[in-house]
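The values are calculated or read from the model by the stated rules, or taken from the named source; none is laboratory data. Quantities reported herein were computed from a predicted structural model and do not represent experimental measurements. Cβ placement follows ideal geometry from the backbone for every residue including glycine, while neighbour counts extend to all protein chains displayed.
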Amino acid sequence: MSDRLKGKRAFVTAAAVGIGRACAVAFAREGATVFATDIDEAKLAALKNEGVAEIAKLDVRDSAAVAAVARRAGRADILLNAAGFVHHGTVLECSDEDWNFSFDLNVKSMHRTIKAFLPAMLEAGHGSIVNISSAAGVFKAAPNRYVYGATKAAVAALTRSVATDFITKGVRCNCICPGTIETPSMLQRAATAGPGGRDMFVARQPMGRLGTAEEIASLAVYLASDESSFTTGVAHIIDGGWTL
């Protein structure tokens, strides 16, 4: 531990697995007091053994629940938005329900949490918001990622809007745009592709491997810390060269 986040309070969504979990653990190891949330209480409970201070079940699609948990958590210096869903298909396979669900979870959830935590950040005169977007949709189109790409492009635009509106108030907002990261949800998608599904994902990576959630978390720590105090409104790509 190097205490890069010592004395800071962090609120993390989708923290039970994958990138959200890696970020919650990394924040705690760097000295932050972490409040971790997810809909999966069982997996969330394991974070207590990783130094996470407090956990709570939270469906980020529920505005009232987000507001209530934000009141319980109190002021946050860091807000990490990691909730998301990857819809597979083109416009022809995207129903109105698919569209609405994807935008509600991938984009509107961030609107809810930012609106809940921003006032206290403004009152304190500082804060760092980090949103998980994607290289797909922001920097490059990916096959069968129609609504997913649209939502992640929206996250990047949302990020820039928040950064612009509060740039003189001490609050920064950045997003991280990962490439293909080996997480439980990614491995589940690979499994549905049949035998060799994971190898198919690896084959399209210039580096010949998938990224790790911990690599994304390292960038999140930097953006959450004072080391990035001159950085706001930026979509940070971390994709192993996929978009080159």
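Just give me the residues in the range 163-194 being hydrophobic (A, V, I, L, M, F, W, C) and either farther than 18 Å from Met110 by Cβ or out of contact with any helix residue (DSSP H, G or I) (no Cβ under 6 Å at 6 or more places or on another chain) (or both), in sequence order.
Ala163, Phe166, Ile167, Ile181, Met186, Leu187, Ala190, Ala191, Ala193
Out of the range 188-232, which residues are small (Gly, Ala, Ser) and closer than 30 Å to Gly170 by Cβ? Quick ask: steps written out before the conclusion?
In the first step, residues of the range 188-232 are kept if they are small (Gly, Ala, Ser); the result is 190-191, 193-194, 196-197, 203, 208, 211, 213, 217-218, 220, 224-225, 228-229.
Of everything in the range 188-232, those that are small (Gly, Ala, Ser) and closer than 30 Å to Gly170 by Cβ turn out to be Ala213, Ala217, Ser218, Ala220, Ala224, Ser225, Ser228, Ser229.
Check the range 99-118 and report whether any residue there is in contact (Cβ under 8 Å) with a residue 24 or more places away in the chain, in contact with a helix residue (DSSP H, G or I) (Cβ under 8 Å, 6 or more places away or on another chain), of a type outside the set (D, E, K, R) and farther than 27 Å from Arg172 by Cα.
yes
Looking at the range 4-98, what strands (runs of 3 or more DSSP E) fall wholly within it and have at least 2 residues that are free of Cβ contacts under 8 Å to residues at least 40 places away in the same chain?
33-38, 54-57
So which of Lys115, Lys8 is under 15 Å from Val130 (Cα atoms), at pLDDT 95 or above, surrounded by fewer than 21 Cβ atoms within 10 Å (Cβ to Cβ) and basic (Lys, Arg)?
Only one candidate passes the filter, namely Lys115.
Tell me the residue from Asp77, Asp96 that is buried (at least 20 other Cβ atoms within 10 Å of the Cβ) and either at pLDDT 95 or above or of a type outside the set (Lys, Arg) (or both), please.
After ruling out the rest, the residue left standing is Asp77.
For the structure I just gave you, tell me whether Ala136 is of a type outside the set (Val, Ile, Thr), crowded, with 23+ Cβ neighbours inside 10 Å and not in a strand (DSSP E or B). Spell out how you get there, then give the answer.
Values: of a type outside the set (Val, Ile, Thr): yes; crowded, with 23+ Cβ neighbours inside 10 Å: yes; not in a strand (DSSP E or B): yes.
Yes: the conditions hold for Ala136.
Tell me whether the range 122-129 contains one or more residues that are without any contact (Cβ under 8 Å) to a residue 40 or more places away in the chain and within 20 Å of the chain's Cα centre (by Cα).
no
Would the range 60-75 turn up any residue that is within 20 Å of Lys152 (Cβ to Cβ) and more than 13 Å from the chain's Cα centre (by Cα)?
Yes - at least one qualifying residue is present in the range 60-75.
Being in contact with a Lys or Arg (Cβ under 8 Å, 6 or more places away or on another chain), more than 19 Å from His111 (Cα to Cα) and of a type in the set (D, E, K, R) is the filter here; which residues of the range 25-39 pass it?
Of everything in the range 25-39, just one residue is in contact with a Lys or Arg (Cβ under 8 Å, 6 or more places away or on another chain), more than 19 Å from His111 (Cα to Cα) and of a type in the set (D, E, K, R), namely Glu30.
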